[in-house]
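Student: Please find one structure pasted underneath; my questions will follow.
The values are calculated or read from the model by the stated rules, or taken from the named source; none is laboratory data. Owing to the predicted nature of the structure, the values given are computational and were not obtained by experimental measurement. Quick reminder, even Gly has a Cβ in these numbers, built from the backbone with ideal geometry, and neighbours come from all protein chains shown.
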Amino acid sequence: MFDFSWLLQTDVMNNLNEHYRDLLGLDESWTVPNVDLQLGFNSVVIELSHRGSDLTFPECQGSCGKADTAPPRSWRHLDPRLLTTHVRVG
């Protein structure tokens, strides 16, 4: 088992949401309202939220309004720092 106790330091926890937003390469239209760090299971769940501005299609650079009302979804992400990582959007 790996020692992730350094993550529990106050200064690190205060910047954890911003850290994961940067790590995922998200722009200012996305926020990370919650990071559920489960050290006992070596896992992290990163919750994302869109700020409500128009979304841009990466292929054609066209934009559209956000109208997705689907229930929250979750995806497995690459594992930084040996933590099993899931991203949840909803």
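Student: Any residue that is within 18 Å of residue 15 (Cα to Cα) and assigned to a loop (DSSP other than H, G, I, E, B) - is there at least one of those in region 64-83?
Tutor: yes
Student: Looking only at region 45-58, count how many residues are of a type outside the set (S, T, N, Q), modelled with pLDDT under 90 and part of a strand (DSSP E or B).
Tutor: So the answer is 2.
Student: Regarding region 30-39, can at least one residue be identified that is touching a residue at least 12 places away in the same chain (Cβ under 8 Å), assigned to a loop (DSSP other than H, G, I, E, B) and surrounded by 12 or more Cβ atoms within 10 Å (Cβ to Cβ)?
Tutor: No: region 30-39 contains no residue that is touching a residue at least 12 places away in the same chain (Cβ under 8 Å), assigned to a loop (DSSP other than H, G, I, E, B) and surrounded by 12 or more Cβ atoms within 10 Å (Cβ to Cβ).
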